[in-house]
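K.L.:
Shown below is the structure under consideration.
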Amino acid sequence: MTAVMLLGLSSCTEWDQVDPPAGSQVYPKLEQLGAYHFDDSTPVNSIDVSLAGELFAYDAGDLPVFKQSASRSSVFMDLNGGYLRLKNPVGGNAQQAVSLVFFVYTDVTKTKDISELTLFSFKNEDGSQEVSLDGNGGLHVNTTAGQWEYNTESKTGILQGDTTWHKVAVCISDVDYFIYVDGLKRLDFTPPTSYKTSANLNMKDVVKFMADAPYLYIGNSTYDATANEEKAAAYTWKIDDIDVYRNVITEKQWRWNNSGGGGGGDDDNFEYVVGDWIATVGETDNSTGWWGAHSNYFRIPADGSVVLSFKNYSSKANNWNNWVIGLTSDDERNGGSYVEYAILRSDLYGWGTNYNDGTWTSSGYDDWDAFRENMDGADVNISISRNGSQCVMTAVATCPNGKVYTETFTMDTGNSSDAMRAFLTVDGCHLEMNKGQCGAMKSVAVSKLTIGATDNSTGWWGDHSDYFTIPAGWNLTLTFTNYSTKANNWNNWVAGITTDADRDGDGYAEYVILRSDLYGWGANYADGTWTSSGYDDWDAFRENMDGAVVKMTISRSGTQCVMNAVATCQNGKVYTETFTMDIDNDSENIRAFLTVDGCHMEMQPAGCLLTKPF
C-alpha cells in the first residue's frame, strides 16, 4: 500500500462535546459531527484540512486525487484505485444511530460487482474489526461482539452504474438501518433474530462500534480484501460532500433537493407556467406534424422538481408519433439565450447540446409493434427533477391495456443556479393536459414495495403500506399493481384517509376507509359522494382486477378531499371511481395508506409523488 498524509479536512466536529445529563432531553439530538466537502482542495494529492487523514493506494491502483467538477460545481475526490482514512468524527459521541450523507458517482454496472465494493467502513486501530457498507446497501459486521452480514448482492441495485452523481443517505440505528438514494427510500432492514450470533450481537453493538472506532474509511473494507482491492482499483469511484451525523437523520438530510423547498413548490411567487393554460396540444385527429403545436412553457427553479400529467393519443403510424418533451434554458424558443439541453421522445430517442453525454434507462420496451398500438390513449406522468446542474426526466406511461413503459434520461445541463424550462410538443399525435395533476413535485419515499403475501393469503387489515402524509394544498399520487384471489368484490385494494397519526395512536381518526368496489365507511363517509364508470359486471370485475395497474390520486383543496382511482386492467378494461368529502381540515396534514383483504399490491415508486398544482 502507498500512503500520503493529509493535514486537516474541513469539519465541524467539536471534540469536547458531550451528551447532556440523563433525563434532560426527550428525544436524542440530531447533530452533524463531520463535514468533508473538499471545496478548499486543490486538484492534487493534498488538501486543506483541519483533521488528520491519510490517502492510500491499492497495489493495482493509485492514490485518490481531488478534481474540480462542473457537474458538482465543487471539488470532489476521485478514489482512483485508492481510499481515504479519517479520524472518526463520531468520537464516541452517539446515542441511537450513526448516519452518513454523501454524493457518489460510479461506472460499476453490475449489481454483483457493486456489492463487492465499499462505500465506507468504521475500523479499529489495526483494522481487524469493522462495520462497513457496500455499494448495494449490504451491511457487513466483524467485531468482537459478533459477526454477520446482510448481503444484497442478489437484489436490485441500490446504486446504478449510470455515470451520474447520486445522493445517498444512510442511517444505522440501534434497531435497523435504512438507505435513501436521490430522495427515495431504497432499503429499510431490521435484522431478525437469526442474524444474532452466539455473542448475541445486535444493532446497538453495531452503533456502539461505529461511534467508538478510531477510524472512518472511505472506499475500503477487509470483508473480501482480494476482490475488493482488484475491483476498487479497476472501477471509477467518485465521492463528494460527506456529512456525518449522530442519531437518526430526517427528511431534510435525505431528500434529493438540499434546499428547504423539498420540491421547488414552496415559493408561491415563482412563475411555473408561462401564459394561459393550453389544455390540448395538437389537433385531436392527430394530424399535427412535427413541432406544429406546443404546450405551455413550464419553468423549473434550481433544485426544484415538476410533474406533468396528460393523456397521449397517437396516429400509431410510427414509434415517434407520440409525446415529445423539450428541456431548455429559461428563454422562449429561438430567443437570444435559448438553448436546447435535450429534446426527448417517448421511444428512447433524442438530441440536443447535452444529449450525447446523457444516459437512458428504461423498462417495458420489448415490442415496438405493440408499443405503437399501446401508446394511443396512454396516461403519461413526466417528472423533471434538478439537483445542481444534474437534470433527471422520468416518464411513466400507463396504457389502456395495462402495459407500462418507463424511461429515465439523466444529463448534466451545466446550469446549477438559473431556472430552466420544459415544454411538450407533438408529431402525428395530440395530448390532453391534466391541469389538476401538473405542478411542483416532491418525491414520496416508498420503503415497502409489497403489501400483503404474494399468494393473496393475507386477510383483512393484515398488512399495510407506508404512511403517506398529504400537506394542505398538495395532491398525493400512488401507483401500484393490484393482485386478487378473485373470490369476492372486496378482495382488492383498500385505502385509508386519516388524521396525521399512527393507527390506534393518540389523535388517530379515520375520515374514510374506501374499497375498489365502491364501498366504504368512516366518520366522513356518510356525507361523501361517489361517482364511477366501468362498473357494469361484478363477475368480470373480480377477474379483471387481478393484475390491474391502479393510479390513485388523493387531492386537497380547502376542506374538500377527493380520492380518484383509475384501474387499468390487463384486458384493457378501465374502472374509475371518485369519492368526494369534506374533512373540516384545511391547514393540517392528513395521511393515507393502503391495506389488503385477500389480495396484495406491488408499489411502483416512480409513480408515487406529491404535487402542488400549478
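The values are calculated or read from the model by the stated rules, or taken from the named source; none is laboratory data. Quantities reported herein were computed from a predicted structural model and do not represent experimental measurements. So basically every Cβ, Gly included, is an ideal-geometry build from the backbone, and we count neighbours across all protein chains shown. For accessibility, only protein heavy atoms count, side chains too; no ligands or nucleic acids. Shrake-Rupley method; radii C 1.70, N 1.55, O 1.52, S 1.80 Å.
K.L.:
Using Cα-only point scatterers and the Debye equation, what is log10 of I(q)/I(0) for region 523-592 at each q in 0.20, 0.27 Å⁻¹, rounded to two decimals?
P.N.:
Those come out to -0.84, -1.16, one per q.
K.L.:
Rounded, prolate or oblate, given the Cα gyration tensor of region 372-464, with a/c below 1.5 counting as rounded? Before the final figure, lay out each step's value.
P.N.:
Details: a/c = 2.53, a/b = 1.42, b/c = 1.78.
Oblate, since a/c reaches 1.5 and b/c is not below a/b.
K.L.:
Okay, next question. At 1.4 Å probe size, with no ligands or nucleic acids counted, give the accessible surface of residue 461 in Å², nearest ten.
P.N.:
80
K.L.:
Counting only protein chains, not ligands or nucleic acids, how are 490, 277 ordered by accessible area (probe 1.4 Å), most first?
P.N.:
490, 277
K.L.:
Related question: In region 515-590, which GluC sites (Glu not before Pro) are in a loop and have at most 14 other Cβ atoms within 10 Å, using DSSP for the loop call? Each step should come with its number before you reach the end.
P.N.:
Values: sites: 543, 577, 588; in loops: 588.
Passing both the DSSP loop test and the Cβ count: 588.
K.L.:
Could you check how much of the accessible area of region 264-418 is carbon and sulfur, as a whole percent, using a 1.4 Å probe? Mind dumping the intermediate values first?
P.N.:
Numbers: 2550 of 6150 Å².
Carbon and sulfur together cover 41 percent of it.
K.L.:
Restricting attention to region 333-408, which chymotrypsin sites (Phe, Trp or Tyr not before Pro) occupy a DSSP loop and are surrounded by at most 14 other Cβ atoms within 10 Å? Each step should come with its number before you reach the end.
P.N.:
Values: sites: 338, 341, 349, 351, 355, 360, 365, 368, 371, 405; in loops: 338, 349, 355, 365.
Loop-located and lightly packed - 338, 349.
K.L.:
Next up: Which shape class applies to region 482-614: rounded if a/c is under 1.5, otherwise prolate when a/b exceeds b/c and oblate if not, where a ≥ b ≥ c are the square roots of the Cα gyration tensor eigenvalues? Don't jump to the answer; show the numbers that get you there.
P.N.:
On the way: a/c = 1.69, a/b = 1.62, b/c = 1.04.
It comes out prolate by the Cα gyration axes.
K.L.:
Kindly report, to the nearest 10 Å², the accessible surface of residue 504 as traced by a 1.4 Å probe over protein heavy atoms only.
P.N.:
Accessible area, nearest 10 Å²: 140 Å².
K.L.:
For region 381-451, what is the charge dipole size about the Cα centre, in debye to the nearest 20, if Lys and Arg each add +1 at the Cβ and Asp and Glu each add -1 at the Cβ?
P.N.:
Values: 6 positive and 5 negative charges, 64 e Å.
Roughly 300 debye, rounded to the nearest 20.
K.L.:
Let me ask something else about it. Given 123/185; 435/612; 316/573; 123/204; 311/551; 87/185, which pairs have Cα atoms separated by over 22 Å? Let's see the in-between values first.
P.N.:
Numbers: 123/185 27 Å; 435/612 11 Å; 316/573 20 Å; 123/204 16 Å; 311/551 13 Å; 87/185 29 Å.
With Cα atoms farther than 22 Å apart: 123/185; 87/185.
K.L.:
Mind putting together the pair-distance distribution for region 405-515? All Cα pairs, 10 Å bins, whole percent per bin, short to long.
P.N.:
Computed distribution, short to long bins: 9, 28, 31, 20, 11, 1.
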